[in-house]
1. Around GLY303, what is the net charge, scoring Lys/Arg as +1 and Asp/Glu as -1 over all other residues with Cβ under 11 Å from its Cβ?
2. Full extension from HIS44 to ASP209: what is 0.36 nm times the residue separation minus their Cα-Cα distance, to one decimal in nm?
3. Residue by residue, what Karplus-based ³J(HN,Hα) values in Hz, rounded to whole numbers, does region 29-42 have, using 6.51, -1.76 and 1.60 with θ = phi - 60° and x for Gly and Pro?
4. With labels modelled as points extended 7 Å from the Cα through the Cβ direction, what inter-label distance (nm, one decimal) is found for ASP22 paired with ASN120?
5. In cubic angstrom, how much convex hull volume per residue do the alpha carbon atoms of region 1-144 span?
6. With Cβ to Cβ distances under 9 Å as the rule, what net charge do the other residues near ARG68 carry (K, R +1; D, E -1)?
7. Going toward the positive end of the dipole of region 188-298, with +1 on Lys and Arg Cβ and -1 on Asp and Glu Cβ, which of LEU280, SER290, ALA227 do you reach last?
8. Could I get the Rg over Rh figure for region 208-317? Both from C-alpha atoms, Rh via Kirkwood, rounded to two places.
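What follows draws every value from the coordinates through simple rules; no lab data is involved. As the structure is a prediction and not an experimental result, all values here were calculated from the model. A quick note on method: Cβ atoms are made from the backbone with ideal geometry, for glycine too, and the neighbour counts reach across all protein chains shown.
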Amino acid sequence: LTRLLDWVGAASLTELRLHTGDAALQPWTVTSTLSAVPAIKVLHLGGKKVNAAVMEATAKAAFAPTLREIHIGEDVAGSEARILSMLQEMPALESLSVPRGRVSAPMLRTLAVAWRTKRNGGPPLLSKLTLATSWGQFEWELVCCVGSLFPELEELTVDSLSVGLDVPLSSNEDNAAWRDYQAQPKVRGAVDAMPRLVRLRLQRFCGYDFYACSSEVAACLRAVLRAAPALETLLVLGGELTSTRNRADKTLPRPTDAAGASLELLPPSLQELVLSDLDLAPDDFGIAPSLPALRRLQLGNCGARAANVAAALVRECPKLKDAVVESAPVKRRGAD
């Protein structure tokens with residue numbers, strides 16, 4: 001690795017992607033590499049050997065104060081506290097991807113305060129945030145707080161948001177306590193305004209055996225759409241059940257509940273809409289959808305009425321000339 005860095009000119013490198021694998025690269029190799037690349041602006045760290053020592057070295061590296069983008073893989077060994085300590089030394093970050101189980105609302109609040117302090121009271125520069133988690137580990141409070149903590153936020157990806165599942169009381173689930181917990185609403189409280197947000201991705205609401213409750217999905221969409229008036233791209237990918245044997249007899253969640261149609265709140269600025277794994281109906285978008293800028297529509301696994309939904313939107317939206325309607329789910333996208 002040292003020879004490779006010498007050959008490419010380590011001192012002038014602006015981007016570095018390191019994945020240690022399980023044991024391919026040892027921590028000391030990673031730390032010595034980080035000390036040899038003082039000018040990098042983009043850093044990807046992944047692998048089981050990215051531990052506390054590596055994160056401490058990253059925080060102390062010459063590039064830390066001016067780093068613009070960092071992606072932390074889900075397989076790193078560092079704890080939430082270690083990740084926070086590292087990120088606090090990176091006040092110029094514009095893009096951040098945080099792994100599952102290592103992010104919380106208190107962590108983000110502490111981070112935002114630290115960045116403001118290092119910027120002499122100026123707001124954090126973060127414009128792109130990816131919160132990548134496994135199902136059930138992501139709390140609604142995180143969605144609620146990011147707008148006020150990071151006022152420059154333009155792109156937000158939430159992967160595997162934990163909402164209540166549609167588990168009937170007659171279910172044969174052995175764990176009654178788990179079933180009762182799922183029946184409790186998880187979407188609580190308003191989302192802080194995100195006035196600059198133009199791109200939002202919500203991925204994977206479902207669990208192993210059950211889809212999300214329609215009321216939870218609708219409440220989630222209502223809350224985030226009210227907070228993002230300038231949205232241009234929206235992707236809502238509900239996700240497939242992990243248990244393939246249970247897909248046939250389970251009902252896809254609806255974006256409409258007793259409180260109304262959440263998709264009526266889509267802003268006039270919207271240009272691209274991708275929906276997957278939702279049971280859609282034409283009236284989900286209101287009687288006369290006001291989407292004058294909509295240019296692209298893609299629907300995947302959106303129920304028997306999906307073609308009618310697309311046809312209605314093509315009629316109502318002057319810039320939408322065609323739509324993609326597929327029976328298969330839209331492929332879940334990773335952070336990019």
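1. Details: positive: ARG254, ARG305; negative: ASP277, ASP279, ASP284.
Neighbour charge sum, excluding GLY303 itself: -1.
2. Details: separation 165, 0.36 × 165 = 59.40 nm, distance 3.36 nm.
Stretched out fully, the HIS44 to ASP209 stretch lengthens by 56.0 nm.
3. So the Karplus estimates, Gly and Pro as x, are 5, 5, 5, 5, 5, 4, 6, 9, 10, x, 9, 5, 10, 10 Hz.
4. 5.1 nm
5. Details: hull volume 14.0 nm³, N = 144.
Per residue, the Cα convex hull of region 1-144 comes to 97 Å³.
6. Details: positive: LYS41; negative: GLU69, GLU94.
So the surrounding residues net to -1.
7. Farthest towards the positive end: ALA227.
8. Values: Rg = 13.7 Å, Rh = 14.3 Å.
Rounded to two decimals, Rg/Rh equals 0.96.
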